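Okay, so here's the structure we're looking at.
The values are calculated or read from the model by the stated rules, or taken from the named source; none is laboratory data. Please read all numbers here as calculations on a predicted model, not as lab measurements. As a convention, Cβ positions derive from the backbone with ideal geometry for all residues, glycine included, and neighbour counts pool all protein chains shown. Surface accessibility is based on the protein's heavy atoms, side chains included, excluding ligands, DNA and RNA. Shrake-Rupley method; radii C 1.70, N 1.55, O 1.52, S 1.80 Å.
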Amino acid sequence: MNKDLLLHPVLISLAMITIAFTLKALVDRFARHKAEKKEKDIRYISHNIKHSINLAMVLLLLFVWSTEIQNFALSIAAFAVAIVFATREFIQCIIGFFYLVTTRPFRVGDWVQVGEYYGEIAETDWIKTTMHEIDMHTYQFSRKTIYIPNNKLITNPIKNLNFVKRFTTHHFSIVRKESFNPYPIYETLTTKAKQYCEEFQDVAGRYNSIIERKLDAKISGPEPEIHFSTTELGEFKASFTLFCPTDKALGIEHKLTAFFMELWYSEAAKQQSSNSHI
């Protein structure tokens, strides 16, 4: 135990430092003695010798403490890895911010879809992107705020829905269980749909052309489209596609639904009456 205590790096270091200071003191005394005896300034020699002693002392101290220094370096490395691991989400969010700045997939005020979330961009900072949630079935704000970490914007697809903010391709369907021939009401229903869309037809046509040029692809519209089909259960299904102002989509849907139901029951009564006479 005494041997281990004597070989402790602290005691060895103190001994080395004591020896080094003693040697430097002897060198100073020897240099002054020589200078007085020979009347010659040899301080530069003593300075060189002291610098050599300092260098030797530092190298020996590094050698004595090499194991502890290595362990300390490993501890620092492990601590740095732990810090990076603990803050990786934060770092990814900052990287995501630079991704947004460089690619600019959207701007404040744009309507976007990120994963399963729809909303209007309200703010973007280093850590998160803030959106006001939008219900895409009603095109209304849901009064909810969504905070999306910026790292999610790297791993999730981003859909810019800014064109939907003014005009939208609105789809809705009506399903009926009654079975009779619905095609006599098709022309009347189509004419009524065009009548509801007539007031904004010119603007819709120009807007539709702009979107087609931007996307470099043909899209439906601006004429309303109606398709009759059946469901998997064999029930009648009427599918409507309207290219209309976003704020008027639900209103037109309600009007067309009411008109369809009126035509439907009228035609159903007509055909039942005709069948009863037969």
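Sparsely packed loop sites in segment 114-166 (the chymotrypsin sites (Phe, Trp or Tyr not before Pro) outside DSSP H, G, I, E and B with at most 12 other Cβ atoms within 10 Å) comprise Trp126. In the complete set of protein chains, residue-level accessible area for Leu61 is approximately 40 Å², probe 1.4 angstrom.
Shown here for segment 222-252: GluC sites (Glu not before Pro) in loop regions (DSSP other than H, G, I, E, B) with at most 13 other Cβ atoms within 10 Å, namely Glu232, Glu235. If R0 is taken as 41 Å, the Cβ-Cβ distance between Phe63 and Phe98 corresponds to a FRET efficiency of 0.35.
Other residues lying with their Cβ under 9 Å from the Cβ of Gly119 contribute a combined charge of -1, Lys and Arg counting +1, Asp and Glu -1. Using heavy atoms of the protein chains and a probe of 1.4 Å, the accessible area assigned to Lys255 is about 110 Å². Of Glu120, Glu262, the residue with the largest accessible area leads and the full order is Glu262, Glu120 (1.4 Å probe).
Within the shell of other residues whose beta carbon sits under 15 angstrom from the beta carbon of Thr257, the net charge comes to +3, with Lys and Arg scored +1 and Asp and Glu -1.
The Phe30 and Thr130 beta-carbon pair, evaluated with R₀ = 51 Å, returns a calculated FRET efficiency of approximately 0.10. Here segment 112-186 and segment 223-278 have alpha carbon centers that stand 25 Å from each other. Among Arg32, Arg213, the order of accessible area from largest down is Arg213, Arg32, computed with a 1.4 Å probe on protein heavy atoms.
Per-residue surface analysis assigns Tyr99 an accessible area of about 90 Å², computed on protein heavy atoms at 1.4 Å probe radius. If I take all pairs of Cα atoms in segment 58-150, what percentage of them are more than 20 Å from each other? It works out to 56 percent of all Cα pairs.
Suppose R0 equals 45 Å. What FRET efficiency, 1/(1 + (r/R0)^6) with r the Cβ-Cβ distance, do Thr22 and Ala80 give to the nearest 0.05? That pair, Thr22 with Ala80, gives E of 0.65. With both labels modelled 7 Å from their Cα along Cα-to-Cβ, the Val203 to Glu223 distance reads 2.3 nm.
Against the criterion of solvent-accessible heavy-atom surface with a 1.4 angstrom probe, Arg176, Arg88 sort, most first, into Arg88, Arg176.
Other residues lying with their Cβ under 14 Å from the Cβ of Asn181 contribute a combined charge of -1, Lys and Arg counting +1, Asp and Glu -1. Ordered from longest to shortest, the equivalent ellipsoid semi-axes for segment 92-250 are 37, 19, 13 Å, each the square root of 5 times a Cα gyration tensor eigenvalue.
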